[in-house]
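Heads up, the thing below is written out as structure tokens.
The values are calculated or read from the model by the stated rules, or taken from the named source; none is laboratory data. Note that the structure is predicted; figures quoted are calculated from it, not measured. So basically every Cβ, Gly included, is an ideal-geometry build from the backbone, and we count neighbours across all protein chains shown. For accessibility, only protein heavy atoms count, side chains too; no ligands or nucleic acids. Shrake-Rupley method; radii C 1.70, N 1.55, O 1.52, S 1.80 Å.
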Amino acid sequence: MNHLLSIDVTMVDWARSQFALTAIYHWLFVPLTLGLAVVMGIMETLYYTSGNEFWKRTAKFWQRLFGINFAMGVATGLILEFEFGTNWSNYSYIVGDVFGAPLAIEGIVAFFMESTFVAVMFFGWEKVSKGFHLASTWLTGIGATLSAWWILVANAWMQYPVGQAFNPDTMRNEMISFQDVALSPVAVDKFIHTVLSAWVLGAVFVVGVSSWYLLKQRHVEFARKSLNAGAVFGVVASVLIMVSGDHSAYTVARTQPMKLAAMEGLYKGGTDQSLTLVSSISPFRQPDYEGLDEPPFKVGVPYALSFLATHDFHGYVPGVRDLLDGYTRADGTHELSLEEKIGRGQNAIMALQEYRRARKDGASGDALAVLGNRIQEDMPYFGYGYVRDRSQVVPYIPVCFYAFRVMVGGGCLFLLLFVLLLYFLRRGDLMERRWLLWTALCCIPLSYITSEAGWLVAEFGRQPWAIQDMLPTWVGVSQLGSHTVMLTFLLFLVLFTVLLAVEINIMCKAIKKGPQL
């Protein structure tokens, strides 16, 4: 693991592009699965408690759309996990002992739970009791949510690696506390926020489809009641996601301050920081964060960023330059400059090389212990030993900045949509507000854009790290020719696009057919 690595930059770019492609397509299917899981559970619960066949037909309709989407999500998800072994073998070897555990649990427990009860849900209507079928429907949704939990635990560990220690004998990071990995604050926040965002998307989908029926004046009773249930569900999820978003911002400020600085376009930090609403940051190039204290034009909410980041209106929030140059926190502790981190990272790498040589030469246990202590002392900065330039550790600010605002702006729009739909539905004149029904329908694709924007913030914001502070992306790739990954990238692009077109076509046909009477 010599720190003077020969890196095929083209291979790194293609490996990252292929993983991003797969993840983006996969996330087109996952949130609707999680959102519709709750909707169909609510509909069937109403059937179970009332005995009204109307709710049974309604539940079957949303279950049919759930099933179409679920099948497509499984196909892309499996490919995503295989890519860790094909394109990111160094990453998999170094951290597989930790990272692999939640993925294994997801595959063995949650996925089997989903596949077992989804069969009962679809084919057991006339074969099992109403109570057992209802339980199967809810357990299908719970299984899908548990799958998301373990996947997000794995992703959260990449953002905030805890519960592990580096073993110089095996050259691997090994888990020392499963509880710390599974219940880290980043994992909990990420799970709650992600699932709630999926619920919002599911609610938008339900009210959008219901609005289409109202515009066409088809299945009016079904559409009204589905829209009502979807809008109420959406309001609840939207309010909860605002609370989780506040806590997530606080967690990001403590664990990934560079991500927060990129999200805000904050070049030079300080106390009493405002939350940016609009700014003159160019979307097409990295801004001059070294030469400017802030963008030339900026409008913000006074003190709001300090409060979000520190829960203190006058709290100190570091900017990009502070994180590069080093700064002193409010509690008096000093954050190292990038150059100091690079030095300590190189010390850890050299100590590891000495340890490996000494072990091979049969050095005494005491000598190995001294070298081992040197490694562990500087291990928190290990990844910085591979950094050569200040710009390498700064995320691409335009993507983080604008994606964050798309995410937040979309969420606010959807809450307003749900409230207006409920208001006019209660007044009894929703059918006359065709503009609102069309807006609800158009919000379906917008909800996907908003959902993807959230993931862009999460993943672009932690660059260049595959594992935060521990492993840069260019160290984790496999030793493959870039042409190989480029070929599979193009194949996946075609395959996933075809799958998406097929799913949209099948979904549209199912929606046009409507609930079976």
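The accessible surface of the chain, taken with every protein chain in place and a 1.4 Å probe, is 65 percent carbon and sulfur.
When you restrict to C-alpha pairs under 8 Å that are six or more residues apart and normalise by the size of the chain, the relative contact order lands at 21 percent. Computed from the C-beta positions of W435 and C508, the FRET efficiency with R₀ = 22 Å rounds to 0.45.
Pairs of alpha carbons in the range 325-396 separated by more than 14 Å make up 65% of all such pairs. Projected over every direction and averaged, the convex hull enclosing the alpha-carbon atoms of the range 73-161 yields 6.3 nm².
Ranking V399, A253, V502 by how far each Cα lies toward the positive end of the dipole of the chain (charges on Cβ) leaves V502 at the top. Simple point charges give the picture: +1 on the Cβ of Lys and Arg, -1 on the Cβ of Asp and Glu, and for the range 1-144 a dipole about the Cα centre of about 680 debye. Counting every C-alpha pair in the chain, the share spaced more than 40 angstrom apart comes to 29%. Less than 5 angstrom separates the built amide H of A466 from those of L471, T473, all sequence-distant by 5 or more or on a different chain. Listed cross-link partners K225/K512; K60/K190; K216/K509; K259/K298; K190/K259; K259/K341 are compared with a 23 Å cut-off, the Cα-Cα value being larger for K60/K190.
Accessible surface calculations at 1.4 Å, restricted to protein heavy atoms, place the range 214-367 at 49 Å² per residue. Sorted on the mean count of surrounding Cβ atoms within 10 Å across their residues, most packed first, peptides 306-318, 452-464 read 452-464, 306-318.
Roughly speaking, what % of Cα-Cα pairs in the range 114-192 are separated by over 18 Å, rounded to a whole number? For the range 114-192, the fraction of Cα-Cα distances above 18 Å is 56 percent.
Normalised by residue number, the volume inside the convex hull of the Cα atoms of the range 301-439 is 216 Å³ per residue.
Remark: the range 366-517 carries a charge dipole of roughly 880 debye about the Cα centre, counting +1 on each Lys and Arg Cβ and -1 on each Asp and Glu Cβ. Label separation (V232 vs S391): 5.6 nm, computed from points 7 Å beyond Cα along the C-beta direction. A straight chain from L500 to D180 at 0.36 nm per residue would run longer than the Cα-Cα distance by 111.5 nm.
Summed over qualifying helices (DSSP H, 4 residues or more, each -39500 (n - 2.57)) and divided by its residue number, the chain shows a 222 nm mean residue ellipticity of -24000 deg cm²/dmol.
In the chain, taking the dipole from charged Cβ atoms about the Cα centre, the farthest positive-side position among M11, I42, F29 is held by I42.
Using just the C-alpha positions of the range 21-135 as equal point scatterers, what log10 of I(q)/I(0) does the Debye formula give at each q in 0.16, 0.21 1/Å? Log10 I(q)/I(0), no solvent term: -0.82, -1.15. Please pull out the direction-averaged projected area of the range 252-322, using the convex hull of its alpha-carbon atoms, in nm² to one decimal place. Dividing the Cα hull surface by four gives the mean projection, 4.3 nm². The amide H of G270, built 1.01 Å from its N in the peptide plane, has V317, G319 as neighbours under 5 Å, considering only residues 5 or more places off or on other chains.
Between the listed residues F205, A262, V243, the Cα displaced farthest toward the positive end of the dipole of the range 191-264, a dipole computed from Cβ unit charges relative to the Cα centre, is found at F205. Charges were assigned to the Cβ only: +1 to each Lys and Arg, -1 to each Asp and Glu. The resulting dipole of the chain about its Cα centre is roughly 2220 debye. May I ask you to list the residues of the range 193-237 whose amide nitrogen lies under 19 Å from a point 7 Å from Cα along the Cα→beta-carbon direction of E53? Under 19 Å, as judged by backbone N against the label point of E53, lie 219-223 of the range 193-237.
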